[in-house]
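The values are calculated or read from the model by the stated rules, or taken from the named source; none is laboratory data. No experiment lies behind these values; they were computed from the predicted model shown. Heads up, the Cβs are rebuilt from the backbone with ideal geometry, glycines too, and the neighbour counts pull from every protein chain shown.
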Amino acid sequence: MFYGTEVGNQGYGTCTHVWGYVQAMCQNGYEYAASSLMMWQDMPYHSLSHIWYMHNNRYIGSKRNPWCIIEWGLHYSRSMASYGHFIEASGFEYHGPKGYMAFSPKITPWNFKAPFTAAEGWGTFEQIQKKGKQRNNIQVNYGKLSLKTCAFDAVNERKITKLNVSINGGEAKNVSFIQNKNRLTIVFKDKIIIPEESLLMVELK
């Protein structure tokens, strides 16, 4: 809006296309940051409703390009802040050098699936709870994944008495776990490497 005012005041003539664009400037980066905090603070449906409102009522992709905002001669991509919201929805945590990865789905934790990216590869995470059992899958679709520790949330804070850990159907050796409330931390004695097109499956009982 300031830019449009400057154009008008300095005698450059009427520039309605600039004024119209600036008047509807896409400042959604701040809103994505706020909605991400809502998701992280266990307010998932407040967060999602705000995202829905932005997408369907104000920053409609059919009327503008939300990924390329022209301002002061630069091209901004504030909508990339939506990646923060995506990470919060899956509760994704990752530390490459330590070999640590964790998930804590904020939406439908009994049936959840989302992609992830790591230092040397990417894949999908899936969490399913059914008939008193919970299964957490980490599928590496490209590259490889090094892990020493991984963590998940036990749905409904249920007490875990036993777990089975396997890689491509073969039982993983020397695995221990600690549960603190609903947080389950699994530790491998030696760092494991999950290669491309491989599946790490953790079954909680």
Exercise. Would you check if residue 161 is closer than 30 Å to residue 47 by Cα and either outside the structural domain of residue 35 (by TED's automatic domain parsing) or surrounded by 13 or more Cβ atoms within 10 Å (Cβ to Cβ) (or both)?
Key: no
Quiz prompt | Scope region 61-82; condition over 16 Å from residue 34 (Cβ atoms), surrounded by 15 or more Cβ atoms within 10 Å (Cβ to Cβ) and modelled with pLDDT of 70 or more; matching residues | solution = 76
Self-check item: Every pair of residues 6+ apart whose Cβ atoms lie under 8 Å, when the first sits in region 83-94 and is touching a residue at least 12 places away in the same chain (Cβ under 8 Å) while the second is acidic (Asp, Glu)
Solution: 91/153
Self-check item: In region 167-186, the residues that are exposed (fewer than 14 other Cβ atoms within 10 Å of the Cβ) and assigned to a strand (DSSP E or B)
Solution: 170, 171, 176, 178, 180
Quiz prompt | Filter result (at pLDDT below 70 and surrounded by fewer than 15 Cβ atoms within 10 Å (Cβ to Cβ)) within region 21-60 | solution = 23, 24
Exercise. Check region 98-113 and report whether any residue there is loosely packed, with under 14 Cβ neighbours inside 10 Å, at pLDDT 95 or above, part of a loop (DSSP other than H, G, I, E, B) and not aromatic (Phe, Trp, Tyr).
Key: yes
